[in-house]
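Enquirer: Handing you this structure, nothing more for now.
The values are calculated or read from the model by the stated rules, or taken from the named source; none is laboratory data. Bear in mind the structure is a predicted one, so any value in this text is a computation, not a measurement. FYI the Cβ positions are ideal-geometry reconstructions off the backbone, even for glycines, and counts take in every protein chain you see.
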């Protein structure tokens with residue numbers, strides 16, 4: 001490659017499909033624009049297994065984290081919306097990485113359809129969430145749904 005050509009910005013990202021009982025995790029690359037389902041992290045007493053998440057962060061060394069934000073079909077918030085946003089803020093605080101939210105409507109259904117079963121649906125949903133973010137941000141610009149942006153608009157969301 002000629003020296004005057006800039007290298008593409010290749011970043012590794014982890015994507016999360018947050019749920020009450022499980023969190024699906026996927027890994028993706030900005031260079032390829034693709035993601036792969038990784039694993040499921042269990043929730044215990046409504047708390048994520050932070051040790052398992054830390055191991056994933058250590059193993060994959062992501063430059064950013066992507067969290068699916070569940071909304072109703074009309075775009076309104078639902079009970080899980082605030083918990084997913086709180087999870088995103090905790091990720092940001094613990095790991096000091098940029099965290100972006102993605103509208104995750106229908107990702108679990110799409111994951112089930114893709115897998116044709118509910119086996120490992122959570123990591124597959126995380127893969128879809130992460131690939132959605134990668135497609136929406138293919139030009140390398142920062143997502144407009146960053147956690148800080150969500151935090152500033154949290155009071156305007158419907159309950």
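This table checks each residue for (1) loosely packed, with under 15 Cβ neighbours inside 10 Å; (2) modelled with pLDDT under 90; (3) closer than 16 Å to residue 66 by Cβ.
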| residue | (1), (2), (3) |
| --- | --- |
| 83 | no, no, no |
| 95 | no, no, yes |
| 103 | no, yes, yes |
| 128 | no, no, yes |
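Enquirer: Counting just the residues of the range 71-92 that are assigned to a loop (DSSP other than H, G, I, E, B) and in contact (Cβ under 8 Å) with a residue 60 or more places away in the chain, which one comes out farthest from residue 54 (Cα to Cα)?
Expert: Per the criteria, the residue is 76.
Enquirer: A further question follows. Filter the range 111-121 for residues that are in contact with a helix residue (DSSP H, G or I) (Cβ under 8 Å, 6 or more places away or on another chain) and assigned to a helix (DSSP H, G or I); which is modelled with the highest pLDDT?
Expert: This residue is 121.
Condition check ((1) under 18 Å from residue 98 (Cβ atoms); (2) modelled with pLDDT of 95 or more) across all residues:
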residue: 32; (1), (2): no, no
residue: 36; (1), (2): no, yes
residue: 53; (1), (2): yes, yes
residue: 71; (1), (2): no, no
residue: 87; (1), (2): yes, yes
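Enquirer: Does the range 28-42 contain at least one residue that is assigned to a helix (DSSP H, G or I) and surrounded by fewer than 14 Cβ atoms within 10 Å (Cβ to Cβ)?
Expert: no
Enquirer: Could you please find all residues in the range 33-46 being on the phi < 0 side of the Ramachandran plot and under 17 Å from the mean Cα position of the chain (by Cα)?
Expert: Hits for the range 33-46 are 34, 35, 36, 37, 38, 39, 40, 41, 42, 43.
Enquirer: Next up: Could you tell me which of the residues 108, 132 is assigned to a helix (DSSP H, G or I), modelled with pLDDT under 90 and within 15 Å of the chain's Cα centre (by Cα)?
Expert: Of the residues listed, the single one that is assigned to a helix (DSSP H, G or I), modelled with pLDDT under 90 and within 15 Å of the chain's Cα centre (by Cα) is 108.
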